[in-house]
Structures are given as C-alpha cells and as structure tokens.
Amino acid sequence: MDRFEAMSMLLAVVEAGSLSAGARRLHAPLATVSRKVADLEKHLGVRLVLRSRRGLALTEEGRAFVAASRRILVELAAAERQAAGDYGALRGGLHVTAPIAFGERHLLPIALEFLKEQPEINLRLTLADRQVSLAVEHIDVALRIGYLADSALIATRVGAVRRVICSSPDYLARRGVPRKPDDLAQHDGISFQGFATAPEGRYRRDSAAFTVEPRSKLAVNTTEAAIQAALSGVGIIRVLSYQVSDHLRSGALRELLPEFAPEPLPVNVIHAPADPLPLKVRCFLDWIVPRLRAQMAE
C-alpha cells in the first residue's frame, strides 16, 4: 500500500465531507477511494472515519491521524522541492489558488505582471469556489476569504470584504423593500452552495448576531448563477461585495439592510510553513501582498 497516496485520499475525503465528494475532487473512482481508506484503516488497525447518510465524521484516532498526515504531506512536498533545487532558485512551477471572481478581478492582473518580472517561473492558477487543500493538491500559495481554522499554515492578512444582500429593482417594485431583517422571512431568496466561505444569514442588532433567511425560491450551485437569477428578478441573494460590485454601481442590483450587515470577512494569503521558504514562493508573496493590500484599500 502506498501510504502517502492513502493519506492524500483520506485528507481529500475529510475536507470534502464525504467519500463521493472526495472522489470527485481527486477525479478518481469512488470504489478506489473507498478501498484506499479501508486499506489504511486495516493497516493501522483502527477506525478512522464513521460513515452515515448524513456524511462522514472522524473518530478520535482519525482526527489525530489526519492532523499528522497533513503535516507529513506538507513536509514531504517541501523536501521534494528542496531536492529539486527550487529553494534557492527563481525558477520552476508555482501553484496558486483563489476564489473564482476574486482571483479574476484582483489576483490575476497582479500575477501576470509577476510573470513578466520572473520569466523562469511557470504559474498554475487554480480558481475555485471551494476550499482547496494545500497538502492534497500541492498548492504553494492560497488566497482565502473568511475566518481561518486553526492550523499550521502561515497567514498574511491583505484586507477584508463586505457581506451584502441585494436584489433587482424589479423584484423590489413587485414585492416591496425589506426595512429590517425580520422582513426577509416574507421574501423569496436564491440560495447557492459551493463557496466554503459564503456569507451567512447573520445580522447585527445591538451588537448581537441573529439569523433570518428569505424563503428559498431557487437553489443553484454557483455564485454566478445566483447573481444572474437575482438580476432577472427572482429574489434576494446574499453574496460578497466584490462579486456584485459592478451591478451595484450600475443600479442593476440594490443593496438591502446595510446598517444590519455582519462584520466584513478577512482576506488572507496563506502558505505552508517551511524553513527556509522556497525563494520563488517568498518572491511571489513579496510581490502580491502589498499590491493586494493596495487594491483592497481602494
């Protein structure tokens, strides 16, 4: 049994939330992923995951093993890069990930200028509205929106984004404008999944957070589909400000209840710890961090 491969598969399954979702993330047959996890449990002589209709949960032994596996895979990737001579050279491949709309709007232009300055570096930019595992997918640098879970990863904050709810003027003309969060219960909403840090339905009232949701009129699996539905007057959406900034400026969408909005979400650039940090990674971080901060400050 290839234990490193089995560890990678286990991490993908845990982070995706189920065997089937992990198999899709790995582009591997479900039977293969299930067998690898079972083989790993047999090899260790302990149950690592508990499977049910509601999803997957880690046992106490599983939590400890997943944490150790994540550290081992990060250190293995660092050792491979060091052996390949990547630590002291401004050359080779660099794998970066970010949410789709943020990556296209903010990160991509900065990254393209970086490539002009560093012609010996080849950049792979993965844009995905899901939380990509640095260890499993061999990511050098990731941009994350939202509060970070405790981990060994190194985070550098570059700004924050507002969480907004909005709808089209046509919808508001037909259904009325909500004046307080409680009014949302009488409105139609558009829900979507796929973005791990999608805004929650939590509002502020006298410094306390509370939750109100409009009735789900339409459920989709991408942010862009939800925005298009809102533009068509289907209902109210809850998104991050940069995802609809152009539509808000043009008046195609109208922000609702801004005085009740929750605190903005932090935006961080993260990477795995390494001593020393590969030169190409350090150079990329030194390039993008001040430029992202400047963009977000505007």
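The values are calculated or read from the model by the stated rules, or taken from the named source; none is laboratory data. It should be emphasised that the depicted structure is a prediction, and the values quoted were computed from it without experimental measurement. Quick reminder, even Gly has a Cβ in these numbers, built from the backbone with ideal geometry, and neighbours come from all protein chains shown. With ligands, DNA and RNA removed, areas are computed over all heavy atoms of the protein, side chains included. Shrake-Rupley method; radii C 1.70, N 1.55, O 1.52, S 1.80 Å.
What the table below lists for this structure:
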{"read-out": "Single unsatisfied condition, residue 101 versus (1) in contact with a His (Cβ under 9 Å, 6 or more places away or on another chain); (2) more than 18 Å from residue 280 (Cα to Cα)", "value": "(1)"}
{"read-out": "Filtered residues of region 15-41 (kept if open to solvent by 80 Å² or more (accessible area, probe 1.4 Å) and closer than 20 Å to residue 131 by Cα)", "value": "24, 27"}
{"read-out": "Long-range neighbours under 7 Å by Cβ, at least six apart or interchain, first residue without any contact (Cβ under 8 Å) to a residue 24 or more places away in the chain within region 1-20, second open to solvent by 40 Å² or more (accessible area, probe 1.4 Å) and charged (D, E, K, R)", "value": "16/25"}
{"read-out": "Given (1) farther than 15 Å from residue 268 by Cβ; (2) touching a strand residue (DSSP E or B) at 6+ places or on another chain (Cβ under 6 Å); (3) buried (at least 18 other Cβ atoms within 10 Å of the Cβ), number of the condition residue 143 does not satisfy", "value": "(1)"}
{"read-out": "Contacts under 6 angstrom Cβ, first residue in region 215-234 being part of a strand (DSSP E or B), partner surrounded by 14 or more Cβ atoms within 10 Å (Cβ to Cβ) and polar (S, T, N, Q), 6 or more apart", "value": "216/191; 219/191"}
{"read-out": "Residue ID - nearest to residue 163 (Cα to Cα), chosen from residues in region 258-297 that are part of a loop (DSSP other than H, G, I, E, B) and open to solvent by 40 Å² or more (accessible area, probe 1.4 Å)", "value": "264"}
{"read-out": "Residues satisfying the stated conditions in region 42-73, i.e. surrounded by 14 or more Cβ atoms within 10 Å (Cβ to Cβ) and hydroxyl-bearing (Ser, Thr, Tyr)", "value": "59, 69"}
{"read-out": "In region 159-176, the residues that are touching a Gly at 6+ places or on another chain (Cβ under 6 Å) and polar (S, T, N, Q)", "value": "168"}
{"read-out": "Residue ID - modelled with the lowest pLDDT, chosen from residues in region 165-212 that are assigned to a strand (DSSP E or B) and among the charged types (D, E, K, R)", "value": "205"}
